[in-house]
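Some notes on the structure that comes next.
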Amino acid sequence: MRLYNILFKIMNIDVSQKYQEFKEEFTNYSILNKKDALLLAVSKKKPFAQILELNNLGQKDFGENYAQELRDKNKELTRSEAKLNWHYLGPIQKNKIKYIVGTSSLIHTLDSFKVAEEIDIFSQKNNIVQRALLQVNISEDPKKSGIYADETLSLLKKIRNLKNISIEGFMTITEYSPIAENSRIHYRKMFKLAESLRAEFENRVQLSMGMSGDYKVALDEGSTIIRVGTKIFGERI
């Protein structure tokens, strides 16, 4: 047990160092290029102790991909004195909505009216308004979830009729490429789509796009939320 505690402490130190190094890199690039985006630390499958460690360093927003893991980590959060925001990044199943809605400050993966209705019903019962992003499959990758660009306005207008869900922008995950520059065409297309729908929003349109490997390209192309896991927590085993 003592060896485990020592190893766990070393892991936390390593994550803290990675975070501080990346946060400096992220901040410097944002300032140099006059960009203003939220850094979202993707903490799926990472222990809550590491989340607390980063929270103590100033990180406020964390992304989770699994509903039950979010539920469990939120229980740990309520037992702590930490103040942070959960973002939900995974698939939304009807029987798991109770773990996601209300717990998440922002859901990034809404891609159907049926799910939107279920979120709205649960939100009404609990007297909340759930913030969400529509997931758009901008690269039309058959391996990715999300609606296609030409379906976006129609779904957005339908969801606008629901009173307890607030659509605040869009999320996209592009077709994978080891070359960051290959994402640019897709992020640019996503930004143009968001711009074409700006009249549908009262506030700034949120764009959740870009991850560890291509975050600079995403910032260049107008991302407002960058989702980073590997550059902060290291490779997932």
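The values are calculated or read from the model by the stated rules, or taken from the named source; none is laboratory data. Remember, it's a predicted structure, so these values are computed and weren't measured experimentally. Cβ coordinates were reconstructed from backbone atoms using ideal geometry, including for glycine residues, and neighbour counts include every protein chain displayed.
Some points to look at:
- Residue in region 121-129 that is surrounded by 14 or more Cβ atoms within 10 Å (Cβ to Cβ) and of a type in the set (D, E, K, R) present: no
- Checklist (1) buried (at least 22 other Cβ atoms within 10 Å of the Cβ); (2) at pLDDT 95 or above applied to residue 174, failing item: (2)
- Given (1) farther than 14 Å from residue 225 by Cβ; (2) among the basic types (Lys, Arg); (3) loosely packed, with under 14 Cβ neighbours inside 10 Å, index of the condition residue 204 fails: (1)
- Taking the criterion of being more than 18 Å from residue 19 (Cα to Cα), exposed (fewer than 13 other Cβ atoms within 10 Å of the Cβ) and touching a helix residue (DSSP H, G or I) at 6+ places or on another chain (Cβ under 8 Å), the only residue of region 56-79 that qualifies is 68.
- Residues considered: 138, 100. Of these, the only one that is closer than 20 Å to residue 48 by Cα, in contact with a Lys or Arg (Cβ under 9 Å, 6 or more places away or on another chain) and buried (at least 21 other Cβ atoms within 10 Å of the Cβ) is 100.
- One residue stands out among those in region 141-156 that are touching a helix residue (DSSP H, G or I) at 6+ places or on another chain (Cβ under 8 Å) and either surrounded by 15 or more Cβ atoms within 10 Å (Cβ to Cβ) or without any contact (Cβ under 8 Å) to a residue 40 or more places away in the chain (or both): the one that is farthest from residue 196 (Cα to Cα), which is 147.
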